[in-house]
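Everything below concerns the one structure shown next.
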Amino acid sequence: MFKRLFVTDGVRMVPAVIRSYGFEDFEGLIDVQAKSFPPPYPSELWWNEKQLAEHVQRFPEGALCVEIGGAIVGSMTGLRLTMTDGDEHDWATVSDDGYIRNHEPDGDTLYVIDICVVPEYRKFGLGKWLMQSMYETVVHVGCRRLLGGGRMPGYSRAASELTPEQYVAQVTAGERTDPVLTFLLRCGRVPVGVVANYLDDEQSCGYAALMEWRNPFIDNDNEEAT
């Protein structure tokens with residue numbers, strides 16, 4: 001993928017590029033991880049070069065980055081899997097601990113395992129542009145949907161009064177906002193379930209909402225092109 005666009009923070013309008021990342025981008029991608037997930041987030045959980053090499057070699061269509069001024073300021077990564085609704089999983093299993101060696105070239109689901117944008121550029125809507133680009137990848141490769149586990153960082157403050165399913169329902173209804181789930185909803189993702197023990201994430205109490213986007217050019221009931 002390679003596309004040019006202009007993005008704005010409401011004041012400035014700047015050119016940006018969204019493209020597939022390659023071996024030459026690894027230093028910049030790891031720097032994005034460091035800026036996006038600063039301490040106390042453990043640095044050993046940032047992407048490493050071996051993981052990035054697997055992304056580039058196994059599924060380059062699912063390895064995207066965004067550049068502004070020649071510098072990488074965000075990235076998004078996914079893999080293809082064959083999944084049925086209701087499959088229980090966690091991030092480590094579904095992503096092969098980030099190495100995606102379980103990638104299925106003919107998988108029907110494009111599963112997102114990471115999206116991040118450096119804080120300095122988060123007002124430019126780059127996360128939404130990356131998501132839109134991954135939707136385009138879903139259509140391009142012929143998957144029936146995009147899926148991923150969305151963190152629920154606001155849930156810990158409501159856990160004493162709400163089940164995780166009730167919390168997701170309230171965020172979806174607009175009765176609450178959540179830093180991650182509200183963003184995903186604004187990107188067109190739809191909640192299709194909740195999984196427990198998805199990540200070691202105190203803010204989400206270990207839960208994640210499975211958030212789906214269906215390929216509008218595929219009949220998802222009959223899985224035939226329309």
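Here are some residues: Ala169, Ala209, Ala159. Which one is farther than 25 Å from Asp97 by Cβ, outside any helix (DSSP H, G or I) and outside the structural domain of Thr77 (by TED's automatic domain parsing)?
None of the others qualify; the one that does is Ala159.
Within region 99-132, work out how many residues are surrounded by fewer than 19 Cβ atoms within 10 Å (Cβ to Cβ) and in a helix (DSSP H, G or I).
Of the residues in that region, 6 qualify.
Limited to region 77-92, what total is found for residues that are at pLDDT 85 or above and surrounded by fewer than 20 Cβ atoms within 10 Å (Cβ to Cβ)?
5
Can you find, within region 18-63, the residue that is surrounded by the most Cβ atoms within 10 Å (Cβ to Cβ) among those that are part of a helix (DSSP H, G or I) and of a type in the set (Val, Ile, Thr)?
Looking at residues that are part of a helix (DSSP H, G or I) and of a type in the set (Val, Ile, Thr), I get Val32.
Select from region 38-68 the residues that are among the β-branched types (Val, Ile, Thr) and either closer than 24 Å to Arg122 by Cβ or touching a Leu at 6+ places or on another chain (Cβ under 9 Å) (or both) and list them in ascending order.
Val66, Ile68
Let me spell it out: the conditions are (1) surrounded by fewer than 17 Cβ atoms within 10 Å (Cβ to Cβ); (2) assigned by TED's automatic domain parsing to the domain that holds Val7; (3) touching a residue at least 24 places away in the same chain (Cβ under 8 Å); (4) within 16 Å of the chain's Cα centre (by Cα), and Val192 meets all of them except one. Which number is the exception?
Condition not satisfied by Val192: (2).
The values are calculated or read from the model by the stated rules, or taken from the named source; none is laboratory data. All of these numbers come straight from a predicted model, not from anything done at the bench. Methodologically, a virtual Cβ is constructed for each residue, glycine included, from the backbone with ideal geometry; neighbour enumeration extends over all protein chains shown.
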